[in-house]
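J.: Structure in C-alpha cells, see below.
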Amino acid sequence: MTDLTKLSMTEALAGMAKGEFTSVELTEAHVRAVEASRPLNAFITETPDQALAMASRADAARAKGEAGSMNGLPIAVKDLFCTAGFQTTAGSHILEGFKPPYESTVTANLWRDGAVMLGKVNLDEFAMGSSNMTSHFGPVVSPWSPGTLVQRDAGAEEGGFLSELTAAVRQPHPVQEWQWTRKLVPGGSSGGSAAAVAARCAMAATGTDTGGSIRQPASFVGIVGIKPTYGRCSRWGIVAFASSLDQAGPMTRTVDDAALMLGSMCGFDPKDSTSVDMAVPDFRAALTGDIRGLKVGIPKEYRVDGMPAEIEKLWRQGIDWLKSAGAEPVEISLPHTKYALATYYIVAPAECSSNLARYDGVRFGLRVEGKDLKEMYENTRAEGFGEEVKRRIMIGTYVLSAGYYDAYYLKAQQVRTRIAQDFEEAYKLCDVILTPTAPSTAFAIGEKMDDPIAMYLNDVFTVPASLAGLPGISVPAGLASDGLPLGLQILGRPFDEATVLKVAGVLEQAADFNTLPPFVAARG
Amino acid sequence: MSLDKATVAKIAHLARIKVPEADQEHLAGELSNILNFVEQLNEVDTVGVQPMTSVAPHKLRRRPDAVTDGGVRDAVLSNAPETAEGFFVVPKVVE
C-alpha cells in the first residue's frame, strides 16, 4: 500500500471514496507518524484514542453515504482552539490543565464535516512570537533541521553500582535515533501546526494569524497557509490575543487542500460579533488555473534593506511565473508599509493587555497564593506568563494608560487607517498583490531571542495585510541556497479568497515544490 | 521615550504582574527600546484621519434580548482553582 502519510487530503478523500483504504487505516498511519515525530515537540497533547474513535465514526458515515467534506481526514489543532474536554493551553503555564467545557466554532465545523483530531499542537505562548520559542512547553524543532539517523545502544545509559556487573553480561539494545546537527525554528506562532504538517504526521492543521502566524511558519517549512479575510472564520472559542486582528485559517500541503479546509472552517457564527454573515463560496471551484488578464500588484516598498538577494530573485521568479500564465504585473505603491510594524506593536499589545486581564487565578488556570487578593493576582500573573507575554502586556498597559492613550494608541489606530487606505488605492490598479512571505529562511533555535525588535522584523511582509484585515496566502516557491524553503505571499481584496487561491494554485504548479524535509526523508 | 524604574513599577502594578525590583532596570531598557521603535509613527501625518476601530465596515448586529444559554454552573466552575458551595473562592477582601 502507498504511504498514507504522504497523500494530500484531496488524494486521501479519493482513496477512501474508492474504498482503497479506510479512515481508521489512514488515521492509524498518522498516529504512528505522530509518535515517530516526537523529537520535533510539535504536539502538546496527543489524542490517539479520540482520533481512532472519530475515524471509525467517519467510516460509518461514509458507509451510510453521509460523508462530509473533510470526512475521515486526520488533522492537528493549534492549542489555541478550545476543544471540549481536551486540555487547551495556548502554550502558557497559566492555562496548563485547562479543559474547556465547550468547543470552538471552527473546530466544531471541522468535526461536523468529519475531520479527525490527532491532537493539540504547540505554539508561541498566547500566539505571541515568530519562532515558537516562547512556548511554555518548549520550542518546536523544524523537520527541516539538518541531522542524521544514528544507532545507539539504549541499554548503555543505566548508571549505578550494579550496572558495571550487568553491563558485562547484557545483550546490546540498539535503537535508531535522529540526531540534530542544528535545530531550526519552524516559525511561529503556529509552529507546531507547521511542523506537524511538514513532517507528514498531520494531513493539515488549523492555525491562527494575528500578524503573520500562519503565513510565516508556512513559508519556513514549505507548506501552504492562508489567513482569510477578518470576519470569515468565527473567533468564538479561540483563546484571544488581539481581537481586531486574530483570524483562523488552514495550514496544508497543497492549495487545493487549503481551499477544501477553509470551506469547512469558515461561515457565519452569531456567537462572534465580528463574524460576517456572507455565503461561503466553493473555494475549490475557483482553482481553474486561469489567471489571464489578472493584474498582479508588485509593491515597491517591499524591497526592504538587508533583504537577501535570493529572496528578491525568487520574488522576480514569481512575477515571471504569473506573467507566463497570462497575468499582468503592475507596480503599485503602499507608502505606509514601513510604519506597519510599529503600528502593530502598539495595537496588538494594547488588545492583548486587555484580553489577558482575564487570567486572574480565580476562574480557571493557575493560581499562586498571596497575602491578599491583589498579591494573588500579581503572583499568579508573574509566574503564569512568560517573558514575551509580560513584555507585551506591559507595553499594552502603558500605551492605554492615562496621558499616553492619544500619543500612542490613538495615533496607531490612525496610521492603521492610512495603511488600510493604501491597500484600497492599490486595489484600484490590481486584483491581487504578490510579495515574499518572510524576509529570511528559518533561523536557529535560540537566535534573535535577546532582541525583541529583530524578532518582530520577521513579520514585516505579513503585518500590513493583517492590519487591513485582508486575506493572504503563503505558497512554497523554492529552496534557498541554505537548502531551506521560501514562500511567496499573495494578498487579495476583502472576501476575495477565491482569487487568492486561484493565483496560489498557479504559483504552486509553476514552482512544483516537492522536496521532503530531511527528517521525513530519513523516515522513508 | 525612556522609561525609568518607577514607571516600570507603576505599569507592572496596573497590569497586576509582580516584577521584583532587581528586574525593573532591565525591563525598563527593553520596554524603552520598543517604545523608541514605535516612536517613528510621529512622522506620519494623521491630521483629520479617523482612527480605525473595525477593519470591516459593518454595523454590530442586534439580537432579541433573550436567554440563549445558562444552567451550566458546574461546567463554569469546573476549571476553577478553588470553589465552595457553587462559588469561586478568592482570598478575603473585606476585613
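J.: Calculate one ³J(HN,Hα) per residue across the range A:262-276 by plugging θ = phi - 60° into the Karplus curve 6.51 cos²θ - 1.76 cosθ + 1.60, and present them in order as whole Hz with x for glycine and proline.
T.: So the J values, rounded to whole Hz, are 4, x, 6, 6, 8, x, 5, 9, x, 7, 10, 5, 9, 5, 9.
J.: What is the calculated FRET efficiency for A:ARG170 to A:LEU149, with r their C-beta to C-beta distance and R₀ = 30 Å, to the nearest 0.05?
T.: Efficiency for this residue pair is about 0.80.
J.: Let me ask you something else. Of A:GLN414, A:GLY403, A:ILE346, which is farthest on the positive side of the dipole of the range A:340-414, counting Cα position, with +1 on Lys and Arg Cβ, -1 on Asp and Glu Cβ, and the Cα centre as origin?
T.: Checking the options against the dipole of the range A:340-414, the answer is A:GLN414.
J.: Now, a different point. If I model a spin label at A:ASP450 and B:SER2 as a point 7 Å from the Cα along the Cα→Cβ vector, what separation in nanometres do I get?
T.: With each label placed 7 Å out from Cα toward Cβ, I get 2.1 nm.
J.: If you don't mind, there's one more thing I want to ask. When a/c reaches 1.5 or more, the comparison of a/b and b/c decides; with that in mind, is the range A:372-504 rounded, prolate or oblate per its Cα gyration tensor?
T.: Judged from the Cα gyration tensor, the range A:372-504 comes out oblate (a/c at least 1.5, b/c at or above a/b).
J.: Next question, about the same structure. Is chain B best put as rounded, prolate or oblate by its Cα gyration tensor, with a ≥ b ≥ c the root eigenvalues, rounded for a/c under 1.5, and otherwise prolate when a/b is larger than b/c, oblate when not?
T.: It is oblate, given that a/c is not under 1.5 and a/b is not larger than b/c.
J.: Summing +1 for each Lys or Arg and -1 for each Asp or Glu, what net charge is found among the other residues whose Cβ lies under 12 Å from the Cβ of A:ALA42?
T.: +1
J.: Mind checking the mean number of beta-carbon atoms from other chains within 10 Å of the Cβ atoms in B:26-38? Don't skip to the end; give the middle numbers.
T.: Details: counts 0, 4, 0, 0, 8, 5, 0, 3, 13, 7, 1, 6, 14.
The per-residue average across the peptide is 5.
J.: With the contact rule set at Cα under 8 Å and sequence spacing of 6 or more, what percent relative contact order holds for chain A?
T.: The value is 17 percent.
J.: Right, another one. Give a residue-ordered list of calculated ³J(HN,Hα) values for the range A:307-321 (Karplus: 6.51 cos²θ - 1.76 cosθ + 1.60, θ = phi - 60°; whole Hz; x for Gly, Pro).
T.: Values, residue by residue: 6, x, 4, 6, 6, 4, 5, 5, 4, 4, 4, x, 4, 4, 4 Hz.
J.: Sticking with this one: Counting only other chains, and only Cβ atoms inside 10 Å, what mean value do you get across the residues of A:463-471?
T.: Going residue by residue through A:463-471 and averaging, the value is 1.
J.: Among A:ASN458, A:PRO329, A:LEU4, flag the residue with its Cα farthest along the positive direction of the charge dipole of chain A, charges on Cβ as +1 for Lys/Arg and -1 for Asp/Glu.
T.: Farthest towards the positive end: A:PRO329.
J.: Evaluate E = 1/(1 + (r/R0)^6) for B:GLN40 and A:ASP320, where r is the Cβ-Cβ distance and R0 equals 41 Å; express this FRET efficiency to the nearest 0.05.
T.: The pair B:GLN40/A:ASP320 has a calculated efficiency of 0.75.
J.: Can you sort A:VAL399, A:VAL520 so the residue with the fewest Cβ neighbours within 10 Å comes first?
T.: In order of increasing Cβ crowding within 10 Å: A:VAL520, A:VAL399.
J.: Tell me, what HN-Hα J-couplings in whole Hz come from the Karplus equation 6.51 cos²θ - 1.76 cosθ + 1.60 at θ = phi - 60° for each residue of the range B:25-33, using x for Gly and Pro?
T.: Result, rounded to whole Hz: 4, 4, 5, 4, x, 4, 5, 4, 4.
J.: Separate question: Given the peptides A:476-485, A:75-84, arrange them by the average over their residues of other C-beta atoms within 10 Å, most packed first.
T.: On the way: A:476-485: 18.3, A:75-84: 27.0.
Ranking, from highest mean packing down: A:75-84, A:476-485.
J.: For an R0 of 60 angstrom, estimate the FRET efficiency from the Cβ-Cβ distance between A:LYS6 and B:GLU95 and round to the nearest 0.05.
T.: About 0.35, to the nearest 0.05.
J.: Further, regarding this structure: Would you work out the charge dipole size for the range A:253-333 about its Cα centre, treating the Cβ of every Lys and Arg as +1 and the Cβ of every Asp and Glu as -1, and quote it to the nearest 20 debye? If you can, show how the numbers build up before the last one.
T.: Details: 10 positive and 14 negative charges, 48 e Å.
For the range A:253-333, the charge dipole is close to 240 debye.
J.: Using amide H atoms built in the peptide plane, which far-off residues or other-chain residues are under 5 Å from B:SER54 H to H?
T.: none
J.: Based solely on its DSSP helices, what 222 nm [θ] is calculated for chain A when runs of n ≥ 4 H residues each add -39,500 (n - 2.57) and the sum is averaged over all residues, nearest 500 deg cm²/dmol?
T.: -10500 deg cm²/dmol
J.: Would you mind pulling out the separation of the Cα centroids of the range A:13-31 and the range A:439-487, in Å?
T.: That distance is 34 Å.
J.: For the pairs A:LYS338/B:LYS59; A:LYS6/A:LYS120; A:LYS99/A:LYS227, flag any whose C-alpha to C-alpha distance is greater than 23 Å.
T.: A:LYS338/B:LYS59; A:LYS99/A:LYS227
J.: So how do A:56-65, A:500-509 stack up, highest first, on mean other-Cβ count within 10 Å?
T.: Top of the packing list down: A:500-509, A:56-65.
J.: Shape call for chain A from the C-alpha gyration tensor, a ≥ b ≥ c root eigenvalues: rounded (a/c under 1.5), prolate (a/b greater than b/c) or oblate?
T.: On the way: a/c = 1.40, a/b = 1.14, b/c = 1.23.
Note, shape of chain A comes out rounded.
J.: So, one more: Which value, in debye to the nearest 20, describes the size of the charge dipole of the protein assembly as shown about its Cα centre when Lys and Arg Cβ atoms bear +1, Asp and Glu Cβ atoms bear -1, and nothing else is charged?
T.: Its charge dipole is roughly 960 debye.
J.: So for chain B, taking the charge dipole from beta-carbon charges (+1 Lys/Arg, -1 Asp/Glu), which of B:HIS26, B:ASN42, B:LEU60 sits furthest toward the positive end?
T.: B:LEU60
J.: What residues have an amide H closer than 5 Å to that of A:LEU123, excluding those fewer than 5 places away on the same chain, when H is modeled at 1.01 Å from N in the peptide plane?
T.: Amide H to amide H, under 5 Å and 5 or more residues apart or across chains, A:LEU123 pairs with A:GLY192.
J.: Tell me the label-point distance for the pair B:ARG62, A:TYR404, using the 7 Å Cα-to-Cβ offset, in nm and rounded to one decimal.
T.: Each label point lies 7 Å from its Cα, and together they span 3.9 nm.
J.: Starting from the Cα of A:ARG32, move 7 Å in the Cα-to-Cβ direction to define the label point; list residues of the range A:480-524 whose amide nitrogen is under 19 Å from there.
T.: A:519-524
J.: Continuing with the same structure: Taking a virtual spin label 7 Å from the Cα of A:ARG57 along the C-beta vector, which residues in the range A:91-119 bring their backbone nitrogen under 18 Å of it?
T.: A:100-119
J.: How big is the dipole moment of the range A:340-414 about its Cα centre under a simple scheme where the beta carbon of each Lys and Arg is +1, that of each Asp and Glu is -1, and everything else is neutral? Debye, nearest 20, please.
T.: 120 debye
J.: Taking the simple approach of a point 7 Å from Cα along Cα-to-Cβ for both B:ALA9 and B:ASP69, what is their distance in nm?
T.: About 4.2 nm, to one decimal.
Bear in mind these aren't lab numbers, they're just calculated from the coordinates by the rules spelled out. Predicted, not measured: the structure shown is a model, and the values here were computed from it. Counting neighbours? That spans all protein chains shown, and the Cβs are built from the backbone with ideal geometry, glycine included.
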